[in-house]
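Single-structure report; data block below.
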Amino acid sequence: MDTRRIGQIFGWFFIGTFVTSIPARLLFVGGLGATWTDMSFVPGEVSENSMRLGAILEFGVIVANIATAVVIYPLVKRVSATVALGYVTARIMESAFIAFGLVSLISVLSINDALAGATGAEAAALAAQGDSLVSTYEWAFQFGPGLVVGFGNGLMLGYLMYRSGLVPPRMALLGLVGGPLLILSFVLILFGVYENGSGPSALLALPEIAWEASLGIYAAWKGFRPSPIAQPQLAAV
């Protein structure tokens, strides 16, 4: 398979991470009757259909995430086998956090069903358990898409794309800038400086979002550019 075709497949999978993750998050927020910055369990406000559809899309994120790394690994390992393997590992780690959060959040449906016949202390305990599950999802989201992505999609993928010349170097610089900013934002959220989804959070995430969106669209449209790493005899050890 030629380099251009590999790039197009990679690009479409990358776009797939956007068209599944954003609607999934919106469905989860709406399904809980919550807000983007205040994810919490409110008894009686859960929309089970929205939660189930969100869960399907969230699983689609996992598939697309891992596919992006698997597709380009044989190519970018010629730049650096270590960094390329690190990118695959980062994608798997990110997906593991997403899966953990997904299972926690879909478990809220069981809590919601149990609340239908509960009263008093039992109802209060179930409500607290539901809120804990939502909090678990939120922190899994922060450690996966909020932290691991900064290392994986930002620093590692940015480095691989910059060194390989598979995409315009100025585009790849967005990843090298966006990754550290996303990591910084995670640290600030962790220490309670601001909430996820707030203005500062969105501002620091913007370069990473611009990097990932531009990379996906460029690769899907044009494929990867001709590069010396496409020649096996020039591969880096």
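The values are calculated or read from the model by the stated rules, or taken from the named source; none is laboratory data. Quick caveat: nothing in here was measured; it's all calculated off a predicted structure. Glycine gets a Cβ as well: all are built from the backbone with ideal geometry, and neighbour counts include every protein chain shown. Surface accessibility is based on the protein's heavy atoms, side chains included, excluding ligands, DNA and RNA. Shrake-Rupley method; radii C 1.70, N 1.55, O 1.52, S 1.80 Å.
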Mean residue ellipticity at 222 nm from the helices of the chain, using -39,500 (n - 2.57) per DSSP H segment of n ≥ 4 over the full residue count, to the nearest 500 deg cm²/dmol?
-25000 deg cm²/dmol
Grab the eigenvalues of the alpha-carbon gyration tensor for segment 15-134, scale each by 5, take roots, and send me the semi-axes largest first in whole angstrom.
36, 14, 10
Unit charges on C-beta of K, R, D, E only; dipole of the chain, Debye:
1440 debye
When ligands, DNA and RNA are left out and all protein chains stay put, how many square angstrom of accessible area per residue does the chain have with a 1.4 Å probe?
47 Å²
Just to make sure I understand: if all protein chains stay in place, what is the order of M93, M156 by accessible area at 1.4 Å, largest first?
M93, M156
At q = 0.11, 0.12, 0.14, 0.17 Å⁻¹, what base-10 log of I(q)/I(0) does the Debye formula yield for the chain when every alpha carbon is treated as an equal point scatterer in vacuo?
-0.59, -0.68, -0.87, -1.16
Counting only protein heavy atoms, what percent of the accessible surface of segment 65-136 is carbon or sulfur at a 1.4 Å probe?
68 percent
For T82 and S47, compute 0.36 nm times the residue count separating them, minus their Cα-Cα distance, and round to one decimal in nm.
8.2 nm
Report, to the nearest 10°, how far helix 3-32 tilts away from the longest principal axis of the Cα atoms in the chain, using its own Cα long axis and a range of 0 to 90°.
10 degrees
